[in-house]
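The values are calculated or read from the model by the stated rules, or taken from the named source; none is laboratory data. These figures come from a predicted structure and were not determined experimentally. Backbone-built Cβ (ideal geometry, glycine too); neighbour counts: all protein chains shown. Only protein heavy atoms, including side chains, enter the accessible area calculation; ligands, DNA and RNA are left aside. Shrake-Rupley method; radii C 1.70, N 1.55, O 1.52, S 1.80 Å.
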Amino acid sequence: MHRMLVIPILIFGLLLLMSCGGVKDMPDLPEITPAATDNASIPENDDIIEKLNEMTLDEKIGQLVIVGFEGETIDSNTKELIEKYHVGGVILFKKNIKSVSQTAVLINSIKEVNYVNKLPIFVSVDEEGGRVSRMPEEFKKIPSSRDIGEKDDENYSYQIGSAIGNMIGHLGFNMNFAPVLDINSNPHNKVIDDRALGSEPDIVKRLGISTMKGLQSKNIIPVIKHFPGHGDTAEDSHIGLPVINYDLDRLRNFEFIPFLEAIRHNADAVMIAHILMSKIDGDYPASMSHKVVSGILRDEMEFKGVVITDDLTMGAIEKNYDIGDAAVKSFNAGCDILLVCHGYEKELSVIRALKEAAENGEIPLERIDESVYRIIQLKNKYGLTDTKIDDVNITGINEEIDKVTYQ
């Protein structure tokens with residue numbers, strides 16, 4: 001059969017399977033093979049199918065990876081990752097950001113390098129406010145989620161999301177790994193702590209969704225995190241692998257509540273945490289667990305958007321798994337994008353592992369098409385382009401932040 005006909009038929013077939021059932025009750029969450037649980041999004045137009053048909057395997061695999069890099073300018077390694085390996089996105093940290101002008105130039109240069117690719121590039125950041133902020137010193141500070149939660153005002157949290165979106169959007173970012181929807185239910189949890197909006201599901205749900213919508217209002221892609229819930233962990237997944245010992249009933253009635261409500265309010269993307277949910281999958285952390293990603297998030301909660309892993313170079317993964325194997329396992333679990341924040345060789349290892357798995361049949365090619373379809377759909381929804389930023393109005397941005405934070 002001609003290749004151009006294969007992808008539409010596969011996706012259409014998957015749609016028929018999906019239409020036969022609604023939300024499922026899954027007390028046992030049995031392991032199912034990846035090929036049997038493909039959840040392709042409904043094709044909205046033929047343009048995405050045409051783009052898929054035009055892409056090489058290397059181009060598709062590149063879209064499945066977001067990478068980080070060192071320094072305040074784009075280096076040869078990052079340039080190669082974009083031009084040769086076609087990575088779908090980059091993430092910037094404080095180490096990459098010195099000033100407003102430098103950041104704008106850096107992001108412009110990233111987008112310019114990406115001109116050779118068929119799709120615009122995700123330029124992402126962790127901008128939560130409070131202690132998790134990457135922004136240049138010229139910008140006013142955004143309050144922490146705890147401070148926002150203490151006000152308990154949905155309009156205020158919406159305006160905070162809008163102010164963050166305005167700030168990062170004017171620098172050229174188009175994706176933000178926020179808001180945090182973890183519930184800070186463990187007083188010994190210093191990983192989340194003031195990054196959470198509160199210690200009860202209702203306040204996290206209401207204010208988190210408002211913040212998400214504020215980001216969306218400025219055409220920034222929000223990535224809600226850290227599913228299935230990082231709020232009751234004592235260990236830092238940057239260092240080791242946290243373990244959660246709750247069963248599904250507890251999770252459904254507590255940790256899952258903000259995430260499920262955000263999905264019902266059109267969340268576009270979800271970040272999966274490196275947390276071992278011992279009573280659901282005792283073998284793999286959530287980010288690598290087919291039971292968690294495909295079984296719970298995709299099937300039970302009916303999430304059709306883009307699923308992104310937390311950073312695969314964190315201690316929870318690096319101390320327990322080979323990063324290439326972890327990448328393949330995460331992808332086959334149902335994740336669409338693998339976040340690899342540190343180390344050029346590690347980033348190459350992930351890309352090469354994905355390609356090898358695709359070539360030897362460990363990853364079905366239709367599974368790759370399914371994820372790339374979702375990624376293109378998301379980039380189209382937000383009208384992503386590689387257009388450069390001409391000027392950044394620091395005063396105007398700060399005035400908007402002041403209106404919110406000092407009201």
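The set of residues in region 329-344 that are touching a helix residue (DSSP H, G or I) at 6+ places or on another chain (Cβ under 9 Å) and open to solvent by 10 Å² or more (accessible area, probe 1.4 Å) comprises Lys329, Asn332, Gly343, Tyr344.
Within region 331-349, the set of residues being within 16 Å of the chain's Cα centre (by Cα), outside any loop (DSSP other than H, G, I, E, B) and over 16 Å from Gly89 (Cβ atoms) comprises just one member, Ala333. Of all residues in region 345-373, exactly one satisfies the criterion of being in contact with a Ser or Thr (Cβ under 8 Å, 6 or more places away or on another chain) and either under 20 Å from Thr313 (Cα atoms) or of a type in the set (S, T, N, Q) (or both), namely Lys346.
Being of a type in the set (Gly, Ala, Ser), over 22 Å from Ile91 (Cβ atoms) and surrounded by fewer than 20 Cβ atoms within 10 Å (Cβ to Cβ) is a property that Gly361 has. A Cβ distance below 8 Å, combined with a sequence gap of six or more or placement on separate chains, defines the contacts here; from region 369-382, residues that are in contact (Cβ under 8 Å) with a residue 60 or more places away in the chain reach residues that are acidic (Asp, Glu) and in a helix (DSSP H, G or I) in the pairs Asn380/Asp47.
Can you report the number of residues in region 279-310 which are closer than 20 Å to Asp268 by Cβ, open to solvent by 10 Å² or more (accessible area, probe 1.4 Å) and not basic (Lys, Arg)?
Residues that pass the stated criteria total 6.
Screening Ala326 against (1) open to solvent by 10 Å² or more (accessible area, probe 1.4 Å); (2) out of contact with any Lys or Arg (no Cβ under 8 Å at 6 or more places or on another chain) leaves a single unmet condition, (1). Within region 277-317, track down each residue that is touching a strand residue (DSSP E or B) at 6+ places or on another chain (Cβ under 7 Å), more than 19 Å from Ile209 (Cβ to Cβ), without any contact (Cβ under 8 Å) to a residue 60 or more places away in the chain and not in a loop (DSSP other than H, G, I, E, B). Across region 277-317, the qualifying residues are Met277, Ala286, Ser287, Val293, Thr309.
Put simply, of Ile110, Ile74 the only residue that is open to solvent by less than 20 Å² (accessible area, probe 1.4 Å) and touching a helix residue (DSSP H, G or I) at 6+ places or on another chain (Cβ under 8 Å) is Ile110. At least 3 residues being within 30 Å of Asn360 (Cα to Cα), out of contact with any Asp or Glu (no Cβ under 7 Å at 6 or more places or on another chain) and touching a residue at least 60 places away in the same chain (Cβ under 8 Å) is the threshold, and among the helices (runs of 4 or more DSSP H) wholly inside region 57-143 those reaching it are 57-63. From the list Lys95, Lys151, the one residue that fits, being over 19 Å from the mean Cα position of the chain (by Cα), basic (Lys, Arg), surrounded by fewer than 22 Cβ atoms within 10 Å (Cβ to Cβ) and over 22 Å from Ile308 (Cβ atoms), is Lys151.
Every test in (1) touching a Leu at 6+ places or on another chain (Cβ under 8 Å); (2) acidic (Asp, Glu); (3) open to solvent by less than 50 Å² (accessible area, probe 1.4 Å) is passed by Glu366 save one, and that test is (3).
Taking the criterion of being closer than 15 Å to Glu72 by Cα and open to solvent by 10 Å² or more (accessible area, probe 1.4 Å), the only residue of region 124-136 that qualifies is Arg134. Scanning region 172-191 for residues that are over 17 Å from the mean Cα position of the chain (by Cα) and within 14 Å of Asp126 (Cβ to Cβ) yields a single hit, Val191.
For region 380-407, the set of residues classified as under 18 Å from the mean Cα position of the chain (by Cα) and closer than 26 Å to Pro136 by Cβ consists of Tyr382, Gly383, Leu384, listed by residue number.
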